[in-house]
């Protein structure tokens, strides 16, 4: 047990990075406008790498959601806008971008927490939007490997429990023919 704790402490410390660029007002403006470039310039300032939250989740899913907007109904479009706004606003308000040093693992955990909070805040809209064609499109947005992520599963279950009637994971799986909702699955 002690060995595992020491290993975790060493892991966390080894993923601390100094800001490589100064605070860029253009980047902050991207965040305030919910522009996906915010995640890219955040990663440039704190290069945690492609396996960490800014690149693996933030930028990837921001761009996918933007590309899929025209394939969603009004509720689906509004849900994406609300969640996108919530994510960037929380990252800015909690001052992650303006720090001088960041622990990439802590940032990953904060990103997961913020995603959960944003989905819970938008639960009513999620319940209204996550049906019909939207349901299939939302499912296409998520990579197969990310569907196994326990934090994502917990978030979906928590949001589904706020729906009337309550939704489980089975209620959120595709419900028919999968139309092409985003141009390419790996962007």
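The values are calculated or read from the model by the stated rules, or taken from the named source; none is laboratory data. Quantities reported herein were computed from a predicted structural model and do not represent experimental measurements. A quick note on method: Cβ atoms are made from the backbone with ideal geometry, for glycine too, and the neighbour counts reach across all protein chains shown.
For the structure I just gave you, tell me whether residue 120 is part of a helix (DSSP H, G or I), touching a residue at least 24 places away in the same chain (Cβ under 8 Å) and crowded, with 17+ Cβ neighbours inside 10 Å. When the stated conditions are applied, residue 120 does not pass them. Would a scan of region 89-96 turn up a residue that is surrounded by 18 or more Cβ atoms within 10 Å (Cβ to Cβ), in contact with a helix residue (DSSP H, G or I) (Cβ under 6 Å, 6 or more places away or on another chain) and modelled with pLDDT under 95? Within region 89-96, not a single residue is surrounded by 18 or more Cβ atoms within 10 Å (Cβ to Cβ), in contact with a helix residue (DSSP H, G or I) (Cβ under 6 Å, 6 or more places away or on another chain) and modelled with pLDDT under 95. Here residue 20 meets each of (1) at pLDDT below 95; (2) loosely packed, with under 14 Cβ neighbours inside 10 Å; (3) within 18 Å of residue 105 (Cα to Cα) with one exception, condition (1).
Comparison of 49, 74 shows that the only residue that is loosely packed, with under 14 Cβ neighbours inside 10 Å and at positive phi is 49.
Rundown of residues vs (1) at pLDDT 95 or above; (2) touching a helix residue (DSSP H, G or I) at 6+ places or on another chain (Cβ under 8 Å); (3) surrounded by fewer than 18 Cβ atoms within 10 Å (Cβ to Cβ), yes/no style:
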| position | (1), (2), (3) |
| --- | --- |
| 114 | yes, yes, no |
| 129 | no, yes, no |
| 134 | no, yes, no |
| 157 | no, yes, yes |
| 162 | yes, yes, yes |
| 172 | no, yes, no |
| 186 | no, no, yes |
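The residues of region 101-117 that are in contact with a strand residue (DSSP E or B) (Cβ under 8 Å, 6 or more places away or on another chain) and either free of Cβ contacts under 8 Å to residues at least 60 places away in the same chain or not in a helix (DSSP H, G or I) (or both), listed by number, are 101, 102, 103.
Looking across region 32-53, the residues that are modelled with pLDDT of 95 or more, under 17 Å from residue 99 (Cβ atoms) and assigned to a helix (DSSP H, G or I) come down to 38, 39, 41, 42, 43, 44, 45.
Tell me, yes or no, whether region 63-82 has at least one residue that is free of Cβ contacts under 8 Å to residues at least 24 places away in the same chain and farther than 23 Å from residue 162 by Cα. Yes, some residue in region 63-82 is free of Cβ contacts under 8 Å to residues at least 24 places away in the same chain and farther than 23 Å from residue 162 by Cα.
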